[in-house]
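Beneath this line is the structure, given in structure tokens, with notes to follow.
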Amino acid sequence: MKKQINLTVNGKAYSHEVEPRTLLVHYLRDTLRLTGTHVGCDTSSCGSCTILMDGQAVKCCSLLAVQADGANITTIEGLAENGTLHPLQEGFREEHGLQCGFCTPGMIMTAADLLSNNADPSEEEIRHALEGNFCRCTGYHNIVKSIQYAANKINKKEVVS
Amino acid sequence: MTKMIGKSVKRVEDKRFITGKGQYTDDIILPNMVYAHFVRSPYAHAKILSVDTAEALAHPGVIAVYTGADVAEVNGVPCGWQVNFKSGETMKEPKHPLLVVNKARHAGDAVAVVIAESKEAARDAVDLVEVDYEELDAVVDPKKAAEDGAPLVHEDAPNNICFDWELGNPKEEVDAAIAGSAHVTTLEFANQRVIPNAIEPRSYIGDYDVAHDKYTLYTSTQNPHLIRLLLCAFVLGIPEHKVRVVSKDVGGGFGSKIFHYAEEALVTWIAKELGRPVKWTADRSEAFLTDAHGRDHVTKAEMGFDEEGNITGLRIKTYAAMGGYLSTFAPAVPTYLHGTLLQGLYTTPKIHVDVVATFTHTCAVDAYRGAGRPEATYLLERMLDTAALEMGMDPAELRFKNFIPAFNGVDEEGYVTNVALQYDSGNYHPVLQRALEMVGYEDFRKEQAAARENGKLLGIGFSTYIEACGIAPSAVVGALGARAGLFEVSQVRVQPTGMVSVYTGAHSHGQGHETTFAQVVADKFGIPLEHVDIVHGDSDSVAFGMGTYGSRSLAVGGSALVKSIEKVIEKGTKIAAHVLEAAEDDLEFADGKWTVKGTDKSIGFGDVSLTAYVPHNYPAGLEPGLDFSSFYDPTNFTYPFGAHIAIVEVDKDTGKVSLKRFIAVDDVGNVINPMIVDGQIHGGVVQGVGQAMFEQAHYDEDGQLITGSYMDYAMPRADDIPMIETDRTTTPCPHNPLGVKGAGEAGAIGSTPAVVNAVMDALSPFGVKNLSMPLTSESVWRAMNS
């Protein structure tokens, strides 16, 4: 028995019939073909699938698509505005915050949530916020620096690279 | 034109990754595609009495179910490295079937595969395949596996021994050296099994084009051409020119994606059987059960010293697990990548290493970041810090005393070890000296003493390592049992407008080749970075390649690249000389143009390129075009080295270990992009820290993987780790054109023992000398309270 869902993803309205058991991450990846949101585990541990749902970072591998009915979702594909990279996207590039790139969208979306609640986080606060996101490449060092870069840019502080 | 080599150029590839436009294998959906899901043995060791697929086949959406019987005629997955017994007898090499027929040999062994119209239908139907198992006793410990009466993994491998092997000085000489020593340090320990955990799970799509009789395999691999070779020549028996292997963006590898896996061959084979593309993507549970694991040694090591603390000898016995089947490079890891590194940075005059490789009822073990070299380094560096403690010497001083003196490998010979290698160039004192300065060693010792007074446990641990990378001279590794050459291939195609397309057999799964390789090309040609495009990961574009592992991309692939660049410049010089009406010897090439020496007459790179493709005014007898390929086979391994220092605090009440500081001073030869090299070191260090503090693949006695999910397998998280303090010294590699040594594995090789040594130092007031990794709160607390 399929269910109708209506939702907004990256500013665009969508309406689809989905199976009740379809995970939100599979809906985004397979139906909307927004493949920037990744699946790295099956226990909502790794954070690769993190998106913003109504402004809050959520792991969409452990949400059903039907739970997103009526929601406003932002994925990594929708973060840049009018072709201008979000300060976090810029920060990850400037500070070499990614290597293989697989965890990166989840990291950026988690950090976006952090910065929207705490515009000037300490290193400790950044590390704590990233607790639910695994990166196997960077040792987190440059991810922390990337988020500091973005925070400084958002706060219009001088960026020291 | 600014020099590009040595600059921290921002990565070219990042744009697609930070905008969600990367293309990993699971992102691909082909028209008419079907999905595979595996039926896997829940037992580590079981006879398969029957497999009933009827109910699964009747499930809506299910197209086919294949069992071991269906693929019994297909060859198994081959092993790429042969190590013989001491007796000369060939290693035991049992067949590794694509799907098992009679017997499962580890939990997760594939028994059948369901193909369906959707992922969900395939997954549902897996539960409907009825397999009748008879569970058998299992053995999971590499040493216990060799004991008489242990359950056999393969009937034709008595005592589960795959091979035994030795290297070094004659055993009697080593025995005598140790017997005559003033002090002998002995440690028995496990280098525990860990799971690589690339965050992208393995994913494969097989496709068959009947019109052209051509297969395409999309695969998350580190080496597409080797996979094609193994798949075609050894498993499926199909001609290579009819197979394209594509591995575009790959989400980390760390060794686990080097190897040819059965699932790759199966999706390719089934795609033709069904005439439809077949996709399989591992879920994380399958990744834990089936991605080749790393390490898993059980070791006894004895190191002798004279009265002054000079090392007199080293004797090692190691049992190394191969797992249930031989993975692609498994036999090389505990032997030629481990035994050969036991000289370390030290002048140890006598060394003997004895390795017994055993089959166990577990997932296969193969190369994992560092592969053998972390095991060797862990052994040596734990011995050094333990010996220093026992002899009442300073661990840094003990190392300085025993370091091999500096040699540049140019006018001073490379250092010949007792374990079959000749180091290329080395200068070991400065890395440790620099690390001691960075840590503020004297001040730390004072701080530590004061902290102890106040009941706070601080510890410092050292690790000075060497590794062999830039793998490898083909003839050398061939003599040691490799069934492949380990050269690398490049093609530099200068387009008519002077834009450059580079095709490399190296493969990036995070290393940033699209940037580093482009820097080399832009620098040598004197052209903007944007004029260079690096293509990798597609066997239809790239002529050939041996892929990326063993920190080989720049040392071997970069050298192949330089060879092609030099050929372009040489031909360009002929064209420029003709156009400028000058002798070739009168030209110099710099900053992107050929200039007649001492004049202002010149022609640019773009004009020469155009002339090569519009050869109107052109040297007689010279072929048009500007496009060269090169194969580069290195003459030696490269030998990066470094000094790592960890500072930890141990909570007296809970046993919790906190990593307070980590200092890494590495010498990886010349550096093309310092930002990328630092990133490699950070990541490697944290993987090594992960092994020391958190990670362990734990099988219970029945062979069940207890740590089979992220809920149970502890990965290092952002809040477990401090900022990594890095610095470098530079000792160029004397035998490759860029002078580079490789940086991918250094961090993971050096860091693990530094952390364990630091914890042992913190626990020294309790008389604790040796603890097993990982150093969990529980084990540390028990050690303090026993």
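The values are calculated or read from the model by the stated rules, or taken from the named source; none is laboratory data. Note that the coordinates shown come from a computational prediction; the quantities given were computed from them, not determined experimentally. A quick note on method: Cβ atoms are made from the backbone with ideal geometry, for glycine too, and the neighbour counts reach across all protein chains shown.
Answer yes or no as to whether B:V489 is part of a helix (DSSP H, G or I) and farther than 27 Å from A:C135 by Cα. Judged against the criteria, B:V489 is not a match. The set of residues from region A:1-14 being touching a helix residue (DSSP H, G or I) at 6+ places or on another chain (Cβ under 6 Å) and either closer than 27 Å to B:D291 by Cβ or not in a strand (DSSP E or B) (or both) comprises just one member, A:N10. Would you check if there is a residue in region B:44-62 being in a loop (DSSP other than H, G, I, E, B), under 32 Å from the mean Cα position of the chain (by Cα) and away from chain A (no Cβ under 14 Å)? Yes, region B:44-62 contains a residue that is in a loop (DSSP other than H, G, I, E, B), under 32 Å from the mean Cα position of the chain (by Cα) and away from chain A (no Cβ under 14 Å). Just the residues that are surrounded by 15 or more Cβ atoms within 10 Å (Cβ to Cβ) and not in a loop (DSSP other than H, G, I, E, B), please, taken from region B:1-15. Scanning region B:1-15 gives a single hit, B:D14.
Please pick out the residue among B:T386, B:T377 that is within 28 Å of B:K257 (Cα to Cα) and of a type in the set (V, I, T). Answer to the check: B:T377.
In a residue-by-residue description of region B:193-215, the property of being away from every other protein chain (no Cβ under 14 Å), assigned to a helix (DSSP H, G or I) and out of contact with any Cys (no Cβ under 6 Å at 6 or more places or on another chain) applies to no position. Of the residues B:V100, B:V74, B:V83, the single one that is over 27 Å from the mean Cα position of the chain (by Cα), assigned to a loop (DSSP other than H, G, I, E, B) and within 25 Å of B:F163 (Cα to Cα) is B:V100.
For region B:518-569, a tally of residues being assigned to a loop (DSSP other than H, G, I, E, B) and either small (G, A, S) or within 26 Å of the chain's Cα centre (by Cα) (or both) returns 17.
Of all the listed residues (B:G294, B:G339), the sole one being within 14 Å of chain A (Cβ to nearest Cβ), small (G, A, S), over 30 Å from B:P239 (Cα atoms) and surrounded by 24 or more Cβ atoms within 10 Å (Cβ to Cβ) is B:G294.
Summed over region B:127-142, residues that are crowded, with 20+ Cβ neighbours inside 10 Å and touching a His at 6+ places or on another chain (Cβ under 9 Å) total 4.
Look at B:D109 and say whether it is away from chain A (no Cβ under 14 Å), farther than 30 Å from B:E166 by Cα and without any contact (Cβ under 8 Å) to a residue 40 or more places away in the chain. Spelling it out, it is not the case that B:D109 is away from chain A (no Cβ under 14 Å), farther than 30 Å from B:E166 by Cα and without any contact (Cβ under 8 Å) to a residue 40 or more places away in the chain.
When the residues of region B:1-28 are filtered to those that are of a type in the set (V, I, T) and in contact (Cβ under 8 Å) with a residue 12 or more places away in the chain, the one that is nearest to the other protein chains (Cβ to nearest Cβ) is B:I28.
The residue that is surrounded by the fewest Cβ atoms within 10 Å (Cβ to Cβ), among those in region B:256-291 that are charged (D, E, K, R) and under 29 Å from the mean Cα position of the chain (by Cα), is B:D283. Taken together, B:G372, B:G426 contain a single residue that is on the phi > 0 side of the Ramachandran plot and buried (at least 21 other Cβ atoms within 10 Å of the Cβ), which is B:G372. A:I108 falls short on exactly one of the conditions (1) among the β-branched types (V, I, T); (2) free of Cβ contacts under 8 Å to residues at least 12 places away in the same chain; (3) in a helix (DSSP H, G or I), and that condition is (2). On the stretch given as region B:264-289, residues that are within 20 Å of B:A697 (Cβ to Cβ), touching a strand residue (DSSP E or B) at 6+ places or on another chain (Cβ under 8 Å) and not aliphatic (A, V, I, L, M) total 2. For A:E17, the requirement of being more than 7 Å from chain B (Cβ to nearest Cβ), acidic (D, E) and either crowded, with 23+ Cβ neighbours inside 10 Å or part of a strand (DSSP E or B) (or both) is met.
Scanning region A:126-147 for residues being of a type in the set (G, A, S), more than 7 Å from chain B (Cβ to nearest Cβ) and either without any contact (Cβ under 8 Å) to a residue 12 or more places away in the chain or in contact with a helix residue (DSSP H, G or I) (Cβ under 6 Å, 6 or more places away or on another chain) (or both) gives a total of 2.
Of the residues in region A:49-59, none is buried (at least 23 other Cβ atoms within 10 Å of the Cβ), facing chain B (nearest Cβ under 10 Å) and of a type outside the set (F, W, Y).
So that you can scan it fast, the table gives a plain yes or no per residue for (1) without any contact (Cβ under 8 Å) to a residue 40 or more places away in the chain; (2) at the interface with another protein chain (Cβ under 8 Å from one of its Cβ atoms); (3) basic (K, R); (4) in a loop (DSSP other than H, G, I, E, B):
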position: B:E701; (1), (2), (3), (4): no, no, no, yes
position: B:S709; (1), (2), (3), (4): no, yes, no, yes
position: B:D712; (1), (2), (3), (4): yes, no, no, yes
position: B:M715; (1), (2), (3), (4): no, yes, no, yes
position: B:P722; (1), (2), (3), (4): no, no, no, yes
position: B:T726; (1), (2), (3), (4): no, no, no, no
position: B:P732; (1), (2), (3), (4): no, no, no, yes
position: B:N736; (1), (2), (3), (4): no, no, no, yes
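With a requirement of 2 or more residues that are over 28 Å from B:E308 (Cβ atoms), touching a Phe, Trp or Tyr at 6+ places or on another chain (Cβ under 7 Å) and in contact (Cβ under 8 Å) with a residue 24 or more places away in the chain, none of the helices (runs of 4 or more DSSP H) lying completely within region B:340-448 satisfies it.
Taking region B:632-674 as the range and being surrounded by 24 or more Cβ atoms within 10 Å (Cβ to Cβ) and hydroxyl-bearing (S, T, Y) as the test, the residues that pass are B:T638, B:Y639.
None of B:A182, B:A122, B:A145 is touching a His at 6+ places or on another chain (Cβ under 9 Å) and more than 28 Å from B:V356 (Cβ to Cβ) except B:A122. For region A:95-108, a residue qualifies if it is within 20 Å of B:S508 (Cβ to Cβ) and either acidic (D, E) or more than 8 Å from chain B (Cβ to nearest Cβ) (or both), and the qualifying residues are A:E95, A:G97, A:M107.
Can you confirm whether B:V686 is surrounded by 24 or more Cβ atoms within 10 Å (Cβ to Cβ), in contact (Cβ under 8 Å) with a residue 24 or more places away in the chain and within 13 Å of chain A (Cβ to nearest Cβ)? Criteria met by B:V686.
Restricted to region A:68-85, and to residues that are more than 13 Å from chain B (Cβ to nearest Cβ) and surrounded by fewer than 16 Cβ atoms within 10 Å (Cβ to Cβ), which residue is modelled with the lowest pLDDT? If we take residues in region A:68-85 being more than 13 Å from chain B (Cβ to nearest Cβ) and surrounded by fewer than 16 Cβ atoms within 10 Å (Cβ to Cβ), then A:N82 is modelled with the lowest pLDDT. The single residue among B:V756, B:V740, B:V768 that is closer than 30 Å to B:A522 by Cα, more than 12 Å from chain A (Cβ to nearest Cβ) and either surrounded by fewer than 21 Cβ atoms within 10 Å (Cβ to Cβ) or in contact with a helix residue (DSSP H, G or I) (Cβ under 7 Å, 6 or more places away or on another chain) (or both) turns out to be B:V740.
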